[in-house]
Amino acid sequence: MWKYLFPFGKITQGSNIVIYGAGVIGNQYIEQLRATNYANIVAVADREWQKFEVHDIKMVAPEKLIDLSFDKVMIAIKNDSIRNKVATDLVQTYCVPNSKIVSDSPIFSEKSAILSVYNKAPVGASCFSNAISLAVLLGKGLGDAIISKRFIHELIKEFGNAISLDLYVDGSIYDFIKVLFSDEEGINQINSNETVPFTGTCYNYDLAFYPGYILQMYHVNHESIQKKNSRFASKINQLLTIINDEYLDNTRVIENNVLFSRCKKKGINAYTSYAFDGLFPINDTKVHIPLCEEYKEKFQKLKLPDRYITINFGWGYNGHEDDNKYIPNKIWPIKRYEEFLSLFKLENPNISVVQLGMKESYHIKGADRYVFGENIETVKYILQDSSLHLDCEGGLVHIATQLGTRCAVLFGPTPVHFFGYPQNINIVSKVCSECYYLDTDFSVCYRRLDRPECMWGITAEQVMEAIKDQFIS
């Protein structure tokens, strides 16, 4: 792949650009722009332009730039002194305004960069037409993405072709997001945030936001939105009024705790809170989860038992990924899992237990099968066929629930009223609960207990009692 990444954040999407330099860097820039359909290449300029030939791209001498119409000139030269001299010559000799010149050092990657930009819409579709351009930043969690999809779906459903929406996602969930949003026709492009940074490009859009627990607006171009679609402008103005009325000019800790308390008082959850008091028709927790047919065969090759439950000793993003030994506070202890499996096998000898997890996951004693390191698309089929999924609140619970599999969900620090699904068996710790966001690090026990009392306080017997009706013949 590429050693030099095109500086997407320096160029407005849809711009007409000239690349100065037909060498290795210039050609890598061309390949990336062709792959992403991010900007239009008017020409490639080089002092030795006659020596080069790039398919379907005009080659010109620098003195011919005065005859071209373009927004930016991107200097694709590694050597600092040469690059700076070119920038000076462009201004003094070739009459190119300094404001149109991008002369930053090329972004070099030690490893070949994988360009993660997926053009979901047909080539040629652009968010810089008459449609309102939207940039949406998604979080790193699978469950968070599923919840966000509901709000995005309602936007697309209501405004259709009037909006053109690009997603910016963490590279770790990039492939999952491509499948998750494969059924949404209103998505124009899906970008890996590491390749095309949201913070560098969001100001090029009419509207840019992050649908976290609290909707965070990064940029609003009121004039452009009003000009393109007055109905959408009215909706966004109402939305901004609601957000401003609810906003607290304080830390994330206080904001989120106030949010959770208000949602509990209103009787709304992570999904329905994005209805914004009826502004959007979101009154349930339903989200369609597409399945990849190609992974069905991989699932079948696993030859899992006819009847099984799934368990998971794992967690999503928590900010401690560099510490392999770190276990977030919301995880049910291994000891409790093993106690549960002993009781479960005694009462349900004909039902197998399949443990899901990453390649390095801990093997819980008592499980019949260990399915570790499988692609999330295969895991979807496993969850869909499961008689019950036992887990803490997390991504697999959200996937399984949306696929129609009932879950027994163990709640300690996370609030069940916000993250729980009514159709699931939600088991809440009786000794301590809901410390989520009392601390800036939501994955630690607020009381700093080595053994978080909330999760240790949920016993195997308590879980068995809660799920017993699930397996009555």
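Residues of the range 384-393 that are over 12 Å from VAL463 (Cβ atoms) and touching a helix residue (DSSP H, G or I) at 6+ places or on another chain (Cβ under 6 Å): HIS389, GLU393.
When the range 430-473 is filtered for residues that are among the basic types (Lys, Arg) and either touching a Leu at 6+ places or on another chain (Cβ under 7 Å) or within 12 Å of PHE411 (Cα to Cα) (or both), only LYS430 remains.
The one condition from (1) assigned to a loop (DSSP other than H, G, I, E, B); (2) among the charged types (D, E, K, R); (3) touching a residue at least 60 places away in the same chain (Cβ under 8 Å) that ASP391 does not meet is (1).
Each row is one residue, and each column tells you yes or no for (1) among the acidic types (Asp, Glu); (2) without any contact (Cβ under 8 Å) to a residue 24 or more places away in the chain; (3) not in a loop (DSSP other than H, G, I, E, B).
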residue: VAL431; (1), (2), (3): no, no, no
residue: THR440; (1), (2), (3): no, no, no
residue: SER443; (1), (2), (3): no, no, no
residue: ARG448; (1), (2), (3): no, yes, no
residue: MET455; (1), (2), (3): no, no, yes
residue: GLU461; (1), (2), (3): yes, no, yes
residue: ASP469; (1), (2), (3): yes, yes, yes
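In the range 157-178 there is no residue matching the filter, namely being touching a Lys or Arg at 6+ places or on another chain (Cβ under 8 Å), buried (at least 23 other Cβ atoms within 10 Å of the Cβ) and either modelled with pLDDT under 95 or in a helix (DSSP H, G or I) (or both).
Determine which member of the set GLY9, GLY26 is in contact with a Ser or Thr (Cβ under 8 Å, 6 or more places away or on another chain) and either closer than 30 Å to LEU167 by Cβ or not assigned by TED's automatic domain parsing to the domain that holds PRO106 (or both). First the steps, then the outcome.
Working: GLY26 fails: in contact with a Ser or Thr (Cβ under 8 Å, 6 or more places away or on another chain).
Selected residue: GLY9, the only one of GLY9, GLY26 that is in contact with a Ser or Thr (Cβ under 8 Å, 6 or more places away or on another chain) and either closer than 30 Å to LEU167 by Cβ or not assigned by TED's automatic domain parsing to the domain that holds PRO106 (or both).
For beta carbons closer than 6 Å, sequence separation of 6+ or different chains, a first residue in the range 297-315 that is touching a residue at least 60 places away in the same chain (Cβ under 8 Å) and closer than 24 Å to GLY394 by Cβ and a second that is assigned to a strand (DSSP E or B) and of a type in the set (Asp, Glu), the qualifying pairs are ASN312/ASP391.
Restricting the search to the range 181-224, which residues are polar (S, T, N, Q) and either touching a Lys or Arg at 6+ places or on another chain (Cβ under 6 Å) or assigned to a loop (DSSP other than H, G, I, E, B) (or both)?
First pass over the range 181-224, keeping only residues polar (S, T, N, Q): 182, 188-189, 191-193, 195, 199, 201, 204, 216, 221, 224.
Across the range 181-224, the qualifying residues are SER182, ASN193, THR195, ASN221.
When SER69 is tested against (1) assigned to a loop (DSSP other than H, G, I, E, B); (2) modelled with pLDDT of 90 or more; (3) farther than 19 Å from ASN98 by Cβ, exactly one condition is not met: (3).
The values are calculated or read from the model by the stated rules, or taken from the named source; none is laboratory data. Everything numeric in this text was worked out from a predicted model, so none of it was measured. A quick note on method: Cβ atoms are made from the backbone with ideal geometry, for glycine too, and the neighbour counts reach across all protein chains shown.
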